[in-house]
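The values are calculated or read from the model by the stated rules, or taken from the named source; none is laboratory data. This one's a predicted model, so the numbers in the text were calculated from it and none came from an experiment. A quick note on method: Cβ atoms are made from the backbone with ideal geometry, for glycine too, and the neighbour counts reach across all protein chains shown.
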């Protein structure tokens, strides 16, 4: 059975919803998926998992000031890369995030996704997809925001889209 690690941080529950949905959909394809939530006080220098133990890795974070949360970045960089060329693969992975995007919508997710992609490449995983899902920002809301329905996100349609995303990923790796 193929093994999948879904490592993520989530402060408000938005990113956790996406992580759980990813797990459900990987499980649907017969994968053994492990959810690993990184709380704010996670010991990033001594992770209790090894990326190399998995056939596929999903890394996710909410976005805070255009960046993934520190514990996600640090757990990915805690292992030395050495001073040599890295050729990613044959193992693959994806990155995902949740974001408010109140000004520019999905454009606001791009810097964080790119940073997560680079760090996953540093871990020698070939990145074959990225997913950005709008997420509620708690009590804050304005009808003038890019997503007027932001308080209800991620919603059922967003979660269905996670399933379709996994379907596309499976076509790339099977």
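Among the residues of the stretch 27-49, those identified as over 24 Å from residue 110 (Cα atoms), assigned to a loop (DSSP other than H, G, I, E, B) and touching a strand residue (DSSP E or B) at 6+ places or on another chain (Cβ under 9 Å) are 31, 47, 48, 49.
Would you mind stating whether residue 75 is closer than 20 Å to residue 121 by Cβ, part of a helix (DSSP H, G or I) and modelled with pLDDT of 95 or more? Against the criterion (closer than 20 Å to residue 121 by Cβ, part of a helix (DSSP H, G or I) and modelled with pLDDT of 95 or more), residue 75 qualifies. The set of residues in the stretch 6-15 being outside any strand (DSSP E or B) and within 17 Å of residue 109 (Cβ to Cβ) consists of 9, 10, 11, 12, 14, 15. Here the condition is being under 25 Å from residue 20 (Cα atoms), in contact (Cβ under 8 Å) with a residue 24 or more places away in the chain and either assigned to a strand (DSSP E or B) or over 18 Å from the mean Cα position of the chain (by Cα) (or both); of 93, 101, it holds for 93 alone. Of the residues making up the stretch 58-72, not a single one is within 27 Å of residue 1 (Cα to Cα), surrounded by fewer than 22 Cβ atoms within 10 Å (Cβ to Cβ), over 14 Å from the mean Cα position of the chain (by Cα) and touching a residue at least 24 places away in the same chain (Cβ under 8 Å). Here the stretch 34-47 is the region considered, the condition is being under 12 Å from residue 8 (Cβ atoms) and touching a helix residue (DSSP H, G or I) at 6+ places or on another chain (Cβ under 8 Å), and the residue that is surrounded by the most Cβ atoms within 10 Å (Cβ to Cβ) is 38.
Considered as a group, the residues in the stretch 97-126 that are at pLDDT 95 or above, in contact with a helix residue (DSSP H, G or I) (Cβ under 9 Å, 6 or more places away or on another chain) and over 14 Å from residue 76 (Cα atoms) include one that is surrounded by the most Cβ atoms within 10 Å (Cβ to Cβ), and that residue is 98. Residues that are touching a helix residue (DSSP H, G or I) at 6+ places or on another chain (Cβ under 9 Å) and at pLDDT 95 or above were ranked within the stretch 136-156; the one that is farthest from residue 60 (Cα to Cα) is 153.
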